[in-house]
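Working notes, beginning with the structure itself.
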Amino acid sequence: MQEDINNFLKNGEAYEIKDGGIIYKDKVCIILGSEIETAEITEDGHTGSAHNLCYFPKFSDIKEFTKEMSHHIKNITLSSQRADISAYELIDIVEKYNGVLIPAHCFTPHKSFYGNCTQRLERIFKEKYVNLPAIELGLSADTYLADQISELEEKTFLTNSDAHSLPRIAREYNKMQVEDISFKEVLKAIKNEGGRKIICNYGLDPKLGKYHRTYCENCKKNVPGEAPVTKCDTCDSKNITMGVYDRIEVIKDKKESESPKFRPPYIYQIPLTFIPGLGGKTIDKLLDAFKTEMNILHKATYDDIESVVGEKLASNIVNAREGKVTIQEGGGGVYGRISAK
Ligand SMILES: [Zn+2]
Ligand SMILES: [Zn+2]
């Protein structure tokens, strides 16, 4: 990846800007970043691992960061590789190269702070907790769930797509108020400084996320019941993958979800691939007509959509937009599903 960026910078397809970030083909601003897995000791003395998003202003910063991290990671060129240090140590290295650290998908089981390391981020980061401007919610959580934890009241929530393939980019995204396009401005928005801010979070209904409810690894099914579900209702086993919804119910310290004043609205969006009856060909047809998925999901009228794909699919799309669908919750690594009414 760094090699690609290096080539783009050399051949003029991309250039760096003073306030950080790389403009590619005059179309997009790339914010340089890396996802690092850290090694943690959990509250009951076990080992845990968590993912951390690390963002940097300049190409030279992330190159220096990579050089230093290669002493802590075996395969430095692969994504989300495990480092032999804790996040408490990692944040110093990130900041040394002018970067910022943000806990990634911070409630998911297996690879996140709240999911498998701690009940409080402050216990991990201690006096450095104030240096975290934000957390990433992850696909199985939303603002209302996260705002049941009081230590998060001062943090910005990010709804990033966590896309490991191109079509999944923007399945979640943040709408930001900035004065210009650069790393510096994006960071100000995340820090809620000088009028810059996140105006709106767009994300999945968390029921659609892969880890929303608790899943029994023996019975291979989601375990029904009121949260928190901590064992299987059928085989009584504790060999479960804890759902984000259930985990938050265990660790929350507020009676009700209450958002701080600055918290922007969270708008649910159901990507086209989740909508019943929409295959690749139909999606291409819709994209030809409306240019972007956002136009189809949020803007096009029923009549416009109907003229391209017919009545049934048009009502499926509009019902999903208006929340008039039944969602079968996700769990254990399997996305939730929606059924048309
Ligand atoms: Zn991750
Ligand atoms: Zn079971």
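General remarks:
- Among the residues making up region 45-80, a single one is within 23 Å of ILE135 (Cβ to Cβ) and of a type in the set (Asp, Glu): ASP61.
- Picking from residues in region 234-244 that are near ligand 2 (Cβ under 8 Å from one of its atoms) and either in the same structural domain as SER140 (by TED's automatic domain parsing) or in contact (Cβ under 8 Å) with a residue 12 or more places away in the chain (or both), the one that is nearest to the chain's Cα centre (by Cα) is ILE240.
- Residue list for region 1-21, filter: of a type in the set (A, V, I, L, M, F, W, C) and either within 16 Å of ligand 2 (Cβ to nearest atom) or within 20 Å of ILE93 (Cβ to Cβ) (or both): MET1
Results for (1) at pLDDT 95 or above; (2) more than 16 Å from ligand 1 (Cβ to nearest atom), shown as yes or no for each residue.
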{"position": "LYS58", "(1), (2)": "yes, yes"}
{"position": "SER70", "(1), (2)": "no, yes"}
{"position": "THR77", "(1), (2)": "no, yes"}
{"position": "ARG82", "(1), (2)": "no, no"}
{"position": "SER86", "(1), (2)": "yes, yes"}
{"position": "GLU89", "(1), (2)": "yes, yes"}
{"position": "ASP92", "(1), (2)": "yes, yes"}
{"position": "ASN98", "(1), (2)": "yes, yes"}
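- Test result for LYS221, of a type in the set (D, E, K, R), assigned by TED's automatic domain parsing to the domain that holds THR108 and more than 16 Å from ligand 1 (Cβ to nearest atom): no
- Test set (1) part of a helix (DSSP H, G or I); (2) out of contact with any helix residue (DSSP H, G or I) (no Cβ under 9 Å at 6 or more places or on another chain); (3) within 15 Å of ligand 1 (Cβ to nearest atom); (4) not aromatic (Phe, Trp, Tyr) - GLU127 fails condition number: (3)
- Pairing residues of region 107-118 that are not assigned by TED's automatic domain parsing to the domain that holds ASP44 with residues that are within 16 Å of ligand 2 (Cβ to nearest atom) and among the hydrophobic types (A, V, I, L, M, F, W, C), at Cβ distances under 7 Å and at least 6 apart in sequence or on separate chains, gives no pairs at all.
Conditions (1) within 23 Å of MET294 (Cα to Cα); (2) modelled with pLDDT of 95 or more; (3) out of contact with any strand residue (DSSP E or B) (no Cβ under 6 Å at 6 or more places or on another chain), marked per residue:
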{"site": "SER150", "(1), (2), (3)": "no, yes, yes"}
{"site": "THR159", "(1), (2), (3)": "yes, yes, no"}
{"site": "ASP162", "(1), (2), (3)": "yes, no, yes"}
{"site": "PRO167", "(1), (2), (3)": "yes, no, yes"}
{"site": "ALA170", "(1), (2), (3)": "yes, no, yes"}
{"site": "GLU193", "(1), (2), (3)": "no, yes, yes"}
{"site": "TYR202", "(1), (2), (3)": "yes, yes, no"}
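- Among residues of region 155-181 being away from ligand 1 (no atom under 16 Å from the Cβ) and of a type in the set (D, E, K, R), the one that is surrounded by the most Cβ atoms within 10 Å (Cβ to Cβ) is LYS155.
- Residue that is farthest from PRO276 (Cα to Cα), among those in region 187-237 that are among the polar types (S, T, N, Q) and in a loop (DSSP other than H, G, I, E, B): ASN192
- Take the conditions (1) within 23 Å of SER80 (Cβ to Cβ); (2) out of contact with any Leu (no Cβ under 8 Å at 6 or more places or on another chain); GLN148 misses just one of them, which is (1).
- Of the residues LEU101, LEU187, LEU204, the single one that is among the hydrophobic types (A, V, I, L, M, F, W, C) and in contact with a helix residue (DSSP H, G or I) (Cβ under 7 Å, 6 or more places away or on another chain) is LEU101.
- Residue match in region 234-257 (condition: away from ligand 1 (no atom under 16 Å from the Cβ), in contact with an Asp or Glu (Cβ under 6 Å, 6 or more places away or on another chain) and of a type in the set (Val, Ile, Thr)): no
- Meeting the requirement of 1 or more residues that are over 20 Å from THR143 (Cβ atoms), the strands (runs of 3 or more DSSP E) wholly within region 246-340 are 326-328, 337-339.
The values are calculated or read from the model by the stated rules, or taken from the named source; none is laboratory data. Keep in mind the model is a prediction, meaning the values are calculated, not measured. No Cβ is skipped: glycine too gets one built from the backbone with ideal geometry, and neighbour counts run over all protein chains shown.
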